[in-house]
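Q: Before I ask anything, here is the structure I am working with.
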Amino acid sequence: MSTTVTITAAQQPDIQYAPDVDKWRARTERRLRTETLSKELPAGFPKKLVSDLVWDGSDIQDRYDWTYVLTEADLEEIHEALAHFKSLDKPIGFVNQETFPLPKLHPVLREVSNELHNGHGFKVIRGLPVDKYSREENVIIYAGISAHIASIRGRQDSSFNGKPADVMLNHIKDLSTVEKSKGSIGAPAYTTDKQVFHTDQGDIISLFALSTAASGGQSKLASSWRVYNELAETRPDLIRTLAEDWTFDGFGNPSSPYHLRPLLFHQAATETQPERVLIQYARRSFTGFQALPRSKDIPPITEAQAEALDALHFLAEKHAIGLDFRKGDIQYINNLSIFHARDGFQDTPGQQRHLIRLWQRDPENAWVTPEPLSRAWKSLYDGITPESQVFPLEPYVRGPARGGPKESVNKNGKHLE
């Protein structure tokens, strides 16, 4: 007598890039009812984090002024630094603290770095007169100010105009109506869509507002440490899930169709650093987005991981602040402790949202990089020279966000998440 055994392949959960609160609640209710979930945190993980990095959007504005408004003296010093750098007749990759000197503003910017790493994790510098300068001059000023906060820049793409390059600057702008970009966009940064809570890559993420949307597009931040505390108290099983390996989609990268790593990392206190948790993830790595759908030939995420993804988003939304992000603002955030998102928006022919972005690291204040992130961090920071740096002045969809397998592989064969 023979017995037929049916083997059912694991299926991707019913989850999309846009979080659905009803699906989240139903999945949570089902798992709580049908599964035996751990009530213990992973070994060594704290029950509660206590730090200025733990904050709630409901009251942080009453106890923390996150905006530094540039004075007339600051603006004059910045203008003089621009003139000095231009007199050197060097490419923008040579912008640093010495070639863009800000002797009086420098201590203020170093305190911004301290606030990012050891304070509340975010700061806004306000008041740059964007319209006074050309696009290239604005990029130089942005790179120059930022160099005093975090002197190392990270690459955001490894090719430009079809040639290998260390692309240091990315434009965040709606390109969905641009003919050459239609049908090839795999990240919401290049659309008017809502961006859900996530992190980028690197230690410090900054955004410079060259212009704002006609309506909508509010920037939102949330403390991942606040989210951690709530999950540690109410759902320690999801902390365990976040600390386990996840399948990151390579989106067609032939040398690495997917890779595994946790989303959540714990670092015990030492003589030189306090106890920390770090969260690094982007939802589209597990759900896909538009021209880069989730690959079908890689292991799916689990129901527990699907619930954890939604929990991160909706708890971040619960505790978030919305920033009054104005033209001429530069927003700096600690990418290791802050989630960021934005509302959907509308542009008009005369007013279009246009941000430019840097990924950075401050060697003086930088947090220790968890070993599972070392490969990605090397891909960001290693092997860059002033001569190799490219700062595109016009928007384009960077390789890791373009549809098609070849576009998601950098010059070293590594995928930039």
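Q: What number of residues within segment 187-201 are in a loop (DSSP other than H, G, I, E, B) and within 15 Å of Ile356 (Cβ to Cβ)?
A: Number satisfying all stated conditions: 1.
Q: Sticking with this one: Residue pairs, Cβ under 6 Å, 6 or more apart or interchain, first in segment 303-329 and more than 13 Å from Phe197 (Cα to Cα), second of a type in the set (S, T, N, Q) and assigned to a strand (DSSP E or B). List them.
A: Leu323/Ser219; Phe325/Ser219; Lys327/Ser211
Q: Test Gly328 against the stated conditions and say whether it is of a type outside the set (Lys, Arg), at positive phi and touching an Asp or Glu at 6+ places or on another chain (Cβ under 8 Å).
A: So Gly328 does not fit the description; no.
Q: Next question, about the same structure. Given (1) on the phi < 0 side of the Ramachandran plot; (2) crowded, with 22+ Cβ neighbours inside 10 Å; (3) touching a Lys or Arg at 6+ places or on another chain (Cβ under 8 Å); (4) not in a helix (DSSP H, G or I), where does Ala143 come up short, assuming only one miss?
A: (4)
Q: Quick one: count up the residues across segment 154-177 that are surrounded by fewer than 19 Cβ atoms within 10 Å (Cβ to Cβ) and either within 19 Å of the chain's Cα centre (by Cα) or without any contact (Cβ under 8 Å) to a residue 12 or more places away in the chain (or both).
A: Summing the residues that are surrounded by fewer than 19 Cβ atoms within 10 Å (Cβ to Cβ) and either within 19 Å of the chain's Cα centre (by Cα) or without any contact (Cβ under 8 Å) to a residue 12 or more places away in the chain (or both) in segment 154-177 gives 4.
Q: Is it the case, given these coordinates, that Phe325 is modelled with pLDDT of 95 or more, buried (at least 18 other Cβ atoms within 10 Å of the Cβ) and outside any strand (DSSP E or B)?
A: In short, no.
A quick yes/no check of all residues on (1) closer than 30 Å to Trp225 by Cβ; (2) exposed (fewer than 14 other Cβ atoms within 10 Å of the Cβ):
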| position | (1), (2) |
| --- | --- |
| Asp65 | yes, yes |
| Glu77 | no, no |
| Ala81 | no, no |
| Phe100 | no, no |
| Pro103 | no, yes |
| Leu116 | yes, no |
| Ile125 | yes, no |
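Q: So, in segment 313-322, of the ones that are assigned to a helix (DSSP H, G or I) and touching a Ser or Thr at 6+ places or on another chain (Cβ under 8 Å), which residue ends up farthest from Pro254 (Cα to Cα)?
A: His319
Q: I'm trying to understand the selection: among the residues of segment 17-41, which are more than 19 Å from Arg284 (Cβ to Cβ), under 31 Å from the mean Cα position of the chain (by Cα) and in a loop (DSSP other than H, G, I, E, B)?
A: Leu37, Ser38, Lys39, Glu40, Leu41
Q: I'm trying to understand the selection: among the residues of segment 362-406, which are of a type in the set (D, E, K, R), crowded, with 21+ Cβ neighbours inside 10 Å and not in a loop (DSSP other than H, G, I, E, B)?
A: Once the filter is applied, which keeps residues that are of a type in the set (D, E, K, R), crowded, with 21+ Cβ neighbours inside 10 Å and not in a loop (DSSP other than H, G, I, E, B), segment 362-406 yields only Arg402.
Q: For segment 179-209, which residues satisfy the criterion of being over 19 Å from the mean Cα position of the chain (by Cα) and either buried (at least 23 other Cβ atoms within 10 Å of the Cβ) or in contact (Cβ under 8 Å) with a residue 24 or more places away in the chain (or both)?
A: Passing the criteria: Ser181, Gly183, Ser184.
Q: Scan Thr212, Thr241, Thr247 and give me the residue that is within 30 Å of Ser134 (Cβ to Cβ), of a type outside the set (A, V, I, L, M, F, W, C), at pLDDT 95 or above and over 16 Å from the mean Cα position of the chain (by Cα).
A: Only one candidate qualifies: Thr212.
Q: So Ala268 ticks every box in (1) more than 24 Å from Ala10 (Cα to Cα); (2) among the small types (Gly, Ala, Ser); (3) in contact with a strand residue (DSSP E or B) (Cβ under 8 Å, 6 or more places away or on another chain) but one. Which box is left unticked?
A: It fails just one condition, (3).
Q: Ok, one more. Have a look at Leu75, Leu109, Leu105, Leu88 and point out the one that is hydrophobic (A, V, I, L, M, F, W, C), under 19 Å from Leu210 (Cβ atoms) and modelled with pLDDT of 95 or more.
A: The conditions single out Leu75.
Q: Please specify each residue of segment 164-190 satisfying the condition of being out of contact with any helix residue (DSSP H, G or I) (no Cβ under 9 Å at 6 or more places or on another chain), modelled with pLDDT of 90 or more and not hydrophobic (A, V, I, L, M, F, W, C).
A: Hit for segment 164-190 is Pro164, nothing else.
Q: Select from segment 38-63 the residues that are more than 19 Å from Leu315 (Cα to Cα), exposed (fewer than 15 other Cβ atoms within 10 Å of the Cβ) and either of a type in the set (Val, Ile, Thr) or touching a helix residue (DSSP H, G or I) at 6+ places or on another chain (Cβ under 9 Å) (or both) and list them in ascending order.
A: Ser38, Lys39, Glu40
The values are calculated or read from the model by the stated rules, or taken from the named source; none is laboratory data. Because the structure is predicted, anything quoted here is derived from the model rather than measured. As a convention, Cβ positions derive from the backbone with ideal geometry for all residues, glycine included, and neighbour counts pool all protein chains shown.
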